[in-house]
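Student: There's a structure below that I have some questions on.
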Amino acid sequence: MSPALVPALLVSALAAGPSSSQPEKKPAPTPNRTPAAPARTPESAAPEAAPPAKPAPPLLPFPHPVITEVLYAVPTGLRGDASGDGNRAVAGDEFVEIWNPHDRPINLKGYVITDGNEAQKGQFKFVFPSCELRPGQCAVVFNGDESKWESNIGDATRAAGPNEKFAGALVFTAKNTSSRTAFNNTADMVLLSDPAGKGLEAISWGGAKLPAGRSFTINEDVPVTNAQASVQRKAPGGPFIAHADLDGKPFSPGVFGPAAAANPAPTPTPDPKAAPTGKK
Ligand SMILES: [Ca+2]
Ligand SMILES: [Ca+2]
């Protein structure tokens, strides 16, 4: 082919046009999207109780709860009214908070909380009734001595429902009737055992020694607080610290979780754009 012919051939090919020389008609593609897999998460799961971020691996395997806060030395005066009944009870306002660190509900039936005393010798003991604890939800067991309770409080024989006064936690009273049945402020422990009696968690302070012959999956020393505050885990897998060092407050029965730990001292911020309604 001589070079002179090339432009002529190009011109003729262009003049013919692609449509006339190539009547290629593709059938319109049929939309055939693969439908998304149906969500399997039931809508009944309560979203407000779930932690916003995946927590670290739980300290105890499913289905065990984890102790997250203990008030063993009640602050003096009304500052010590952890139960919120308007009365500070030296034993009654003591409490133990447990938390469901798992992504599924657990049932608390048969789990046991005691102090360090031997059975039948002034021992604090509470055995949970059948009660479902949702993921991220707390249960709080108050000593209960000299305390007044409104509705929705559980005990060893009665399940508790979510309690709005305690951030939706399940709240129980151990119904103790003597201030002598209580945690020792200077040296004692909280023991959590599963329904079969296996020791799960021992939280001790002041150098208290574990009962002879018993062992626990978790064995932790916590600070002596001198009745200024509870002790609470700093994070789901973290150590216990004095609650006053966490956020300046003496305790927070029913409140625990990654969100609370990440924002230990929320400061209310007035919204300057929140205009008055004009109504009086
Ligand atoms: Ca109280
Ligand atoms: Ca708490």
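The values are calculated or read from the model by the stated rules, or taken from the named source; none is laboratory data. What you are looking at is a predicted structure, and each value in this text was computed from that prediction instead of being measured. Counting neighbours? That spans all protein chains shown, and the Cβs are built from the backbone with ideal geometry, glycine included.
Student: Quickly run through the stretch 129-183 and pick out the residues that are touching a helix residue (DSSP H, G or I) at 6+ places or on another chain (Cβ under 9 Å), more than 16 Å from ligand 1 (Cβ to nearest atom) and not in a loop (DSSP other than H, G, I, E, B).
Tutor: Cys138, Pro162
Student: Restricting the first residue to the stretch 154-183 and requiring it to be in contact (Cβ under 8 Å) with a residue 12 or more places away in the chain and on the phi > 0 side of the Ramachandran plot, which pairs with a second residue that is surrounded by 14 or more Cβ atoms within 10 Å (Cβ to Cβ) and outside any loop (DSSP other than H, G, I, E, B) meet a Cβ separation below 7 Å and a spacing of at least six or different chains?
Tutor: Gly168/Ala49; Gly168/Pro162; Lys175/Asp155
Student: May I pose another question? Examine the stretch 82-89 for a residue that is in contact with a Phe, Trp or Tyr (Cβ under 9 Å, 6 or more places away or on another chain), within 16 Å of ligand 2 (Cβ to nearest atom), of a type in the set (S, T, N, Q) and part of a strand (DSSP E or B), and state whether such a residue exists.
Tutor: no
Student: Looking only at the stretch 75-98, filter to residues that are under 23 Å from the mean Cα position of the chain (by Cα) and buried (at least 24 other Cβ atoms within 10 Å of the Cβ); which one of those is farthest from ligand 1 (Cβ to nearest atom)?
Tutor: The extreme case among them is Ile98.
Student: Taking into account only those residues within the stretch 139-154 that are modelled with pLDDT of 95 or more and among the polar types (S, T, N, Q), which is nearest to ligand 2 (Cβ to nearest atom)?
Tutor: Here the answer is Asn143.
Student: Within the stretch 99-119, count every residue that is surrounded by fewer than 15 Cβ atoms within 10 Å (Cβ to Cβ) and free of Cβ contacts under 8 Å to residues at least 24 places away in the same chain.
Tutor: Counting residues in the stretch 99-119 that are surrounded by fewer than 15 Cβ atoms within 10 Å (Cβ to Cβ) and free of Cβ contacts under 8 Å to residues at least 24 places away in the same chain gives 1.
Student: Follow-up question, since we're still on this one. So if I check each of Ala274, Ala261, which one is modelled with pLDDT under 80, of a type outside the set (Asp, Glu) and assigned to a helix (DSSP H, G or I)? First the steps, then the outcome.
Tutor: Working: Ala274 fails: assigned to a helix (DSSP H, G or I).
Residue meeting the stated conditions: Ala261.
Student: Of all the residues that make up the stretch 120-139, how many are hydrophobic (A, V, I, L, M, F, W, C), under 18 Å from Gly110 (Cβ atoms) and touching a residue at least 40 places away in the same chain (Cβ under 8 Å)?
Tutor: Here the count works out to 5.
Student: Does the stretch 126-137 hold any residues that are in contact with an Asp or Glu (Cβ under 8 Å, 6 or more places away or on another chain) and within 20 Å of Val190 (Cα to Cα), and which are they?
Tutor: From the stretch 126-137, those in contact with an Asp or Glu (Cβ under 8 Å, 6 or more places away or on another chain) are 129, 135; that's our starting set.
The one that is in contact with an Asp or Glu (Cβ under 8 Å, 6 or more places away or on another chain) and within 20 Å of Val190 (Cα to Cα): Pro129.
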